[in-house]
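**Q** Could you have a look at this structure, given as structure tokens, before my questions?
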Amino acid sequence: MNAPTASPVPPPVVEIHDLTVAYRRKPVLWGVDLTIGPGKLVGIIGPNGAGKSTLIKACMGLVPTQGGWVRFWGRPFGEVGSRVGYVPQRETVDWDFPVSVMDVVLMGRYGRIGLFRRPSRADREAARACLEQVELLPYADRQISNLSGGQQQRVFLARALAQEAEVYFMDEPFAGVDAATEASIVSVLRTLRDRGCTLFVVHHDLPTARQYFDHLLLLNLNVVAFGPTAEVFTAELLQRTYGGRLTLLSEVAQALGAQGGPR
Amino acid sequence: MKAGRETRGGGGSRRRWGAARVATAVLAAALLLPWAHAAAPAGPDGEGLAQVWRFLRLEDAAVRHVVWGTLLLGGTCGLLGGFMVVRRMALVGDALSHAVLPGVAAGFLWNMSRDPVAILVGATVAGLVGTAFVSALCRTTRLKEDAALGLVLASFFAVGLCLLSIIQRLPAANAAGLSHFLFGQAAAIGPADLRVMAIVAGVVVLFVVALYKELVAVSFDAAFARSQGLPAAFVHHAFMFLLAASVVIALQAVGVVLVSALLVTPAATAYLLTRRLSRLLVYAALLGAVAGLGGAFLSFLGPGLPTGPLIVLVASATFGGAVLFGTREGWLVRFWRQRAGVGQTRRENTLKSMYHVAEREGFAHAGITLEELATRRRQTVEEVRALGAELHRHGMARLERDLLSFTPEGRRRAGEIVRNHRLWELYLTRSANFAPDHVHDHAEKIEHVLGEAAVRELERRLDHARRDPHGSVIPSAADLERSNWGEPGGRAR
Ligand SMILES: Nc1ncnc2c1ncn2[C@@H]1O[C@H](COP(=O)(O)OP(=O)(O)OP(=O)(O)O)[C@@H](O)[C@H]1O
Ligand SMILES: [Mg+2]
């Protein structure tokens, strides 16, 4: 545990306390509380507009908050920024931008390279290793405009890996990727978790959410439930999260049925 | 033409710069020539030539100021314009350049003279206030950026125009040079202006070189850059500040109305020439400098020629050149590539028909008659004679009266095409679940573009199958090597 504090009990990896975010006074997150330790793979689940992306952006200091705070290892984001990684939704950037895959992945290391300096050989090696992990090494020199959606998603993942962070926030990394790619991304996430990283992953598919994540955060304006998947993935809690919408409910019922109900 | 050339056909063509832009470029070229001509005999007895000479010798201090000034302002605007174009901020440049006008007037009013430093400060501040308005409007209202930009552009410009006309009526003011800020006059660049330009250009280059990595990261994904602890806000604001300053140093030579073209056009040209950002920026800076210098030179040729429009026209002409002659996706290159492709496909199809005829005869004869080929292709003998003659010209076949025979090169290529076709048909039916009667048309296209490596891979995947879905023999590489059917002279009929 690398939290350099005086207290004998190390502070939690992520602690969110009474976090409130509003866009033009309309609250989209309301009093979110959450505490988690190292080595956890957490799925963030909730309907469209539940505030999942907003929660991630608030944790990364990208949107102003109305109240509450977020601490990493007991410290504010500004002091530990380079140890916290971010995989935004793919649509947030212009994929016609004239840079290569390698250039984008190297951006993951800019935080640690420091101002005014150019990426070193070691940085390039690290970036290559990350591309290898997401099976994109042959594409290293391609322009990003020539990539498919799933490849773009993996470029973002590789960029985050290159950062060698200890906490990751990923906004829908599985959106628009095929089954094989999804499987390989999941295995990358699990490797990270086994190394002690804590990952928050926004995910929309309930049946697979149950398989992939050891913890789930059910979110809709505030935290409906947060805990180990086995305890939280229940029909009742999911219904509360999704507000009783029929299609989703039936999906949940199916998921529960397929796996023999909550353990 | 070598086989396999075609495989590189059109890699993701983009048409971001549409017809309007091209029309501008053509218009530019059309306008430039007569102007240059008209300028030459301006005044009595070759005064135009004397002017050219005066410009080229660079001995005149005024000329040196113009040359250095336009080089600096063109290069600076080109460099920053490169970032603007890749960030899709071209319209911001337009708004910025109009928004500076009130600042120009204010800078003049400061001490009632055309002091470059006062004007630089006033105009830069006005420009930044304008862009701040735009982002405030976007943040606090439901307006989108384009509407906010248009609004701010027009109102700031209007304020500037009012102030300028008031200044021109002021009794005390020596407002002679102020109209240059509207339409541009490079000859007005003096030593004091040049000093300011050199400082701005130096700071811009230093900024881009020192913070290149951060600039690129912020341009591509500002949120991620911020999350990485990069000084995203500082980089952005510094960029906008330098952009405003660059616009201002270009004002005198280019004029408020057209200065945004100096930001966009060289960068757009560079965008067509390369896909790497670092090169794009260098090209944009160079093209901007060339445009500045070229425009200044042309305006020097005759009295009263406005520099701004000429600089923009030179930039547009180079853009037109890139659209037409660019080696990457220029229109000519595309046209030739397509034409070459069409011709090659036609020849390969003729070869294939020859192969089919020869195959039906069990490769018993050295050549085939034009009549057989015509029957096979359902064409007239005259039509296939033209096709045969074309193969003859390309060294693929020999045409002797009515007899057509392969050259070794043509025989090899014919075999390859037939092999590619049949392999692909087999692959589609076996591995991609196509019905046998659906595969022919696909194979007709693919056969011309399969490279050797792809063929090896196909053969491997299909376990070196010998027959296609319709039962015809697939010629293997070994067959192609061994066979000597179709040599001339072996046919007796
Ligand atoms: N920039 C913004 N300005 C105003 N409102 C916003 C903005 N971004 C998000 N919102 C609102 O905040 C709420 C939460 O949005 P958020 O993007 O966090 O949802 P989400 O859970 O990520 O949804 P999705 O599943 O669709 O990605 C939505 O109601 C949305 O309309
Ligand atoms: Mg979202």
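**Q** What is the Rg over Rh value, at two decimals, for the stretch B:337-482, using alpha-carbon atoms and the Kirkwood definition of Rh?
**A** Rg divided by Rh gives 0.97.
**Q** What does the convex hull of the Cα atoms of chain A come to per residue, in Å³, rounded to a whole number?
**A** Value for chain A: 146 Å³ per residue.
**Q** Next question. Within the protein assembly as shown, what percent of beta bridges assigned by DSSP are antiparallel, to the nearest 5?
**A** Antiparallel bridges make up about 65 percent of those DSSP assigns within the protein assembly as shown.
**Q** For the stretch B:60-327, with every protein chain kept in place, what is the accessible area per residue (1.4 Å probe, Å²)?
**A** Per-residue accessible area for the stretch B:60-327 comes out at 37 Å².
**Q** What share of Cα pairs, in percent, lie more than 35 angstrom apart in chain B?
**A** 52 percent
**Q** What translational diffusion coefficient, to the nearest whole µm²/s, does the stretch B:60-327 have by Stokes-Einstein, given a Kirkwood radius computed over alpha-carbon pairs, a temperature of 4 °C and 1.567 mPa s viscosity?
**A** Reported coefficient: 70 µm²/s.
**Q** Related question: Semi-axes, largest first, in whole Å: what does sqrt of 5 times each Cα gyration tensor eigenvalue give for the protein assembly as shown?
**A** With the √(5λ) rule applied to the protein assembly as shown, the semi-axes are 54, 49, 20 Å.
**Q** Less than 10 Å Cβ to Cβ from residue A:116, Lys/Arg counted +1 and Asp/Glu -1: what total charge do the surrounding residues give?
**A** +2
**Q** Show which lysines lie in cross-link reach of residue B:445 when reach means a straight Cα distance below 24 angstrom and same-chain residues fewer than eight apart are skipped.
**A** Straight-line reach from residue B:445, under 24 Å: B:2, B:352.
**Q** To the nearest 500 deg cm²/dmol, what mean residue ellipticity at 222 nm is calculated for chain A from DSSP H runs of n ≥ 4 alone, each contributing -39,500 (n - 2.57), summed and divided by the residues?
**A** -10500 deg cm²/dmol
**Q** Specify which residue in the list A:62, A:202, A:102 is farthest towards the positive end of the charge dipole of chain A, using unit charges on the beta carbon of Lys, Arg (+1) and Asp, Glu (-1), about the Cα centre.
**A** Looking along the dipole axis, the top candidate is A:62.
**Q** If you average 1/r over every pair of different alpha-carbon atoms in the stretch A:95-174 and take one over that average, what Kirkwood value in Å do you get?
**A** About 12.7 Å, per the Kirkwood formula over Cα pairs.
**Q** Which positions within the stretch A:110-135 get 50 Å² or more of their accessible surface covered by the other protein chains, compared to the chain by itself, with a 1.4 angstrom probe?
**A** The answer is A:110, A:115, A:116, A:118 - residues whose exposure falls by at least 50 Å² when every protein chain is included.
**Q** Roughly how many Å² is the accessible area per residue of the stretch B:337-482, as a whole number, for a 1.4 Å probe?
**A** I get 52 Å² per residue for the stretch B:337-482.
**Q** Next question, about the same structure. Mind listing, in residue-number order, the residues in the stretch A:64-92 that have at least 40 Å² less accessible area with every protein chain present than in their own chain alone (1.4 Å probe)?
**A** So the qualifying set is A:86.
**Q** On the accessible surface of chain A, probed at 1.4 Å, how many percent belong to carbon and sulfur atoms?
**A** Percent of accessible area from carbon and sulfur atoms in chain A: 50.
**Q** Which percentage, to the nearest 5, of the DSSP beta bridges contained in the stretch A:14-258 is antiparallel?
**A** Rounded to the nearest five, the antiparallel share is 55 percent.
**Q** Over the stretch B:47-172, with a single point scatterer placed on each C-alpha, what log10 of the ratio I(q)/I(0) does the Debye formula yield at q = 0.09, 0.18, 0.19 1/Å?
**A** Calculated log10 I(q)/I(0) at the listed q: -0.38, -1.03, -1.07.
**Q** Based solely on its DSSP helices, what 222 nm [θ] is calculated for chain B when runs of n ≥ 4 H residues each add -39,500 (n - 2.57) and the sum is averaged over all residues, nearest 500 deg cm²/dmol?
**A** -23500 deg cm²/dmol
**Q** Considering only A:46, B:182, A:145, whose Cα is most displaced toward the positive end of the charge dipole of the protein assembly as shown, charges sitting on Cβ of Lys, Arg (+1) and Asp, Glu (-1)?
**A** With unit charges placed on the Cβ atoms, the residue in question is B:182.
**Q** From the residues B:159, B:267, B:199, which one has its Cα farthest along the dipole of the stretch B:60-327 in the positive direction, the dipole being from +1 and -1 charges on Cβ of Lys/Arg and Asp/Glu about the Cα centre?
**A** Of the candidates, B:267 comes out farthest on the positive side.
**Q** Another one. Given a 1.4 angstrom probe, I'd like the percentage of the accessible area of the stretch B:202-357 that is carbon and sulfur, rounded to a whole number.
**A** About 72 percent, which is the carbon plus sulfur part of the accessible surface.
**Q** What does the buried accessible surface come to for B and A, summed over both chains, with the probe at 1.4 Å? Round to 100 Å².
**A** Protein heavy atoms only, the B-A interface buries about 2600 Å².
**Q** Using +1 on the beta carbon of Lys and Arg, -1 on that of Asp and Glu, and nothing else charged, what's the dipole of the protein assembly as shown about the Cα centre, debye to 20?
**A** Dipole of the protein assembly as shown, to the nearest 20 debye: 340 debye.
**Q** Okay, next question. Taking a probe of 1.4 Å, how large is the accessible area per residue of chain A, in Å²?
**A** 43 Å²
**Q** If you don't mind, another one. For a quick size check, give me the Cα extents of the stretch B:258-334 along its three principal axes, largest first, whole Å.
**A** Between the extreme Cα coordinates on each principal axis of the stretch B:258-334 lie 41, 26, 16 Å.
**Q** Could you work out the local net charge near residue B:458, counting Lys and Arg as +1, Asp and Glu as -1, over the other residues with Cβ closer than 13 Å to its Cβ?
**A** The answer is -2.
**Q** Given springs between every Cα pair under 10 Å in a Gaussian network model of chain A, which of A:226, A:169, A:116 has the largest fluctuation?
**A** A:116
**Q** Then there is this: Treating cross-link reach as a plain straight distance, find the aspartates and glutamates whose alpha-carbon is under 16 Å from the alpha-carbon of residue A:52, omitting any fewer than eight places away in the same chain.
**A** Straight-line reach from residue A:52, under 16 Å: A:18, A:33, A:91, A:171, A:172, A:205.
The values are calculated or read from the model by the stated rules, or taken from the named source; none is laboratory data. These numbers come from a predicted model, not from an experiment. Backbone-built Cβ (ideal geometry, glycine too); neighbour counts: all protein chains shown. Areas reflect the complete protein model, heavy atoms only, side chains present, ligands, DNA and RNA absent. Shrake-Rupley method; radii C 1.70, N 1.55, O 1.52, S 1.80 Å.
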